[in-house]
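Quick notes on the structure that follows.
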Amino acid sequence: MSRPPFVDFEKVWLAYNDEALAQEKFAVEDISLQAGEGEFIAIVGPSGCGKSTFMKLATGLRMPSRGSIRIGGAPVTGPLKISGMPFQAPSLLPWRSTVDNVLLPLEIVEPHRSRFKARHAEYRERAIRLLQTVGLAGYEDKLPHQLSGGMQQRASICRALIHEPKMLLLDEPFGALDAFTREELWCTLRDLWEAQRFNVILVTHDLRESVFLADTVYVMSRSPGRFVLRREIDLARQRDLELTYTSAFTDLVHELRGHIGATRPTATAEVAR
């Protein structure tokens with residue numbers, strides 16, 4: 001018997017309030033998505049289509065008006081503890097060192113909080129290893145203003161992974177960075193994911209980013225958001241930046257671009273490849 005999906009959205013609709021629900025005005029509608037354990041998926045679509053709304057549903061910050069969501073085999077009934085989420089702006093606390101910013105979730109979230117003092121040396125070593133993995137060895141004691149934007153985002157990703165979540169949620173994580181730094185961080189994220197194989201849901205406007213990183217890309221229609229395409233990315237791993245200059249890569253990007261801005265599926269809400 002095949003294993004159940006790790007992420008399972010079943011015919012999910014969301015209206016933001018009772019009035020909108022009564023008027024059948026939905027932010028997203030009829031969303032179905034399944035991702036296996038360790039799968040990397042990306043959600044792309046035009047501004048205002050509901051990508052960030054989808055992310056709120058995936059984190060448990062919003063409950064669906066209709067349908068069901070299960071993650072890790074359990075129904076989502078509130079904010080998830082098994083996920084980590086860095087933000088587009090790194091939002092590091094300016095008075096804390098890099099390593100202390102990374103440690104912050106372990107200080108404030110149970111069950112780590114109650115044992116933080118007793119296991120501080122162990123947790124600090126874990127944070128330092130993470131920082132070394134993303135190229136921040138030697139910057140552990142620097143303050144945020146002493147780091148570049150890309151370095152701050154690397155530290156933010158480490159902070160989201162310090163409690164070893166089963167799923168990483170990324171909402172436009174590299175959108176504020178220049179193109180060269182953004183591509184460097186694609187590779188950083190690729191390496192972290194390939195080493196640990198946590199689930200990833202990436203929301204992005206960048207089609208190249210989605211094709212480079214994801215196993216599967218979902219394209220959302222204009223609001224109210226629906227999935228108009230499910231595209232498996234059949235490019236071999238490990239992927240390097242040279243791949244982005246190949247015809248196979250650019251063909252996939254152009255295919256996805258052709259579906260951006262769609263208002264409704266032409267045949268079915270999911271087109272499997």
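Only one of these conditions is not met by P79: (1) touching a residue at least 24 places away in the same chain (Cβ under 8 Å); (2) under 19 Å from F9 (Cα atoms). Which number is it?
With respect to (1) touching a residue at least 24 places away in the same chain (Cβ under 8 Å); (2) under 19 Å from F9 (Cα atoms), P79 is out only on (1).
Of the residues that sit in segment 71-102 and are among the hydroxyl-bearing types (S, T, Y) and assigned to a loop (DSSP other than H, G, I, E, B), which one is nearest to Q23 (Cα to Cα)?
Result: T77.
Could you tell me whether R159 is over 13 Å from the mean Cα position of the chain (by Cα) and either in the same structural domain as G258 (by TED's automatic domain parsing) or not aliphatic (A, V, I, L, M) (or both)?
Here the answer is yes, as R159 does meet what is asked.
Picking from L130, L136, which residue would you name as being in contact with a Cys (Cβ under 8 Å, 6 or more places away or on another chain), assigned to a helix (DSSP H, G or I), closer than 24 Å to R182 by Cα and not basic (K, R)?
Result of the check over L130, L136: L130.
Can you find a residue in segment 156-165 that is more than 29 Å from V203 (Cα to Cα) and surrounded by fewer than 19 Cβ atoms within 10 Å (Cβ to Cβ)?
no
Any residue in segment 158-175 that is at positive phi sitting within a Cβ distance under 7 Å of a residue that is crowded, with 22+ Cβ neighbours inside 10 Å and assigned to a loop (DSSP other than H, G, I, E, B)? List the pairs, counting only those 6 or more apart or interchain.
E172/T204
Output the number of the condition that R62 fails; it satisfies all remaining conditions of (1) touching a residue at least 60 places away in the same chain (Cβ under 8 Å); (2) surrounded by 14 or more Cβ atoms within 10 Å (Cβ to Cβ); (3) in a loop (DSSP other than H, G, I, E, B).
All conditions pass for R62, except number (1).
Can you pull out the helices (runs of 4 or more DSSP H) entirely within segment 145-217 that have at least 2 residues that are in contact with a Phe, Trp or Tyr (Cβ under 6 Å, 6 or more places away or on another chain) and more than 23 Å from V7 (Cα to Cα)?
Answer list for segment 145-217: 179-196.
Of the residues T250, T244, which is among the β-branched types (V, I, T) and buried (at least 16 other Cβ atoms within 10 Å of the Cβ)?
T244
Check R197, R231, R264 and return the single one that is out of contact with any helix residue (DSSP H, G or I) (no Cβ under 8 Å at 6 or more places or on another chain) and either modelled with pLDDT of 90 or more or not assigned by TED's automatic domain parsing to the domain that holds S65 (or both).
R197
Could you list all residues from segment 218-261 that are among the small types (G, A, S) and either free of Cβ contacts under 8 Å to residues at least 24 places away in the same chain or in a loop (DSSP other than H, G, I, E, B) (or both)?
The answer is S221, S223, A236, S247, A248, G258, G261.
Please work out which one of (1) outside any loop (DSSP other than H, G, I, E, B); (2) touching a residue at least 12 places away in the same chain (Cβ under 8 Å); (3) out of contact with any helix residue (DSSP H, G or I) (no Cβ under 7 Å at 6 or more places or on another chain); (4) surrounded by 14 or more Cβ atoms within 10 Å (Cβ to Cβ) is the condition S68 fails and give its number.
(4) is the only condition that S68 fails.
What number of residues within segment 130-157 satisfy the criterion of being of a type in the set (S, T, N, Q) and either at positive phi or free of Cβ contacts under 8 Å to residues at least 40 places away in the same chain (or both)?
Residues that pass the stated criteria total 3.
Would you call S47 surrounded by fewer than 18 Cβ atoms within 10 Å (Cβ to Cβ), small (G, A, S), part of a loop (DSSP other than H, G, I, E, B) and touching a residue at least 60 places away in the same chain (Cβ under 8 Å)?
Judged against the criteria, S47 is a match.
May I ask you to list pairs of residues, at least six apart or on different chains, whose Cβ atoms are under 6 Å apart, with the first in segment 19-36 being among the polar types (S, T, N, Q) and the second being surrounded by 21 or more Cβ atoms within 10 Å (Cβ to Cβ)?
S32/F9
The values are calculated or read from the model by the stated rules, or taken from the named source; none is laboratory data. What you see is a predicted model, and the numbers here were worked out from it, not measured in a lab. Counting neighbours? That spans all protein chains shown, and the Cβs are built from the backbone with ideal geometry, glycine included.
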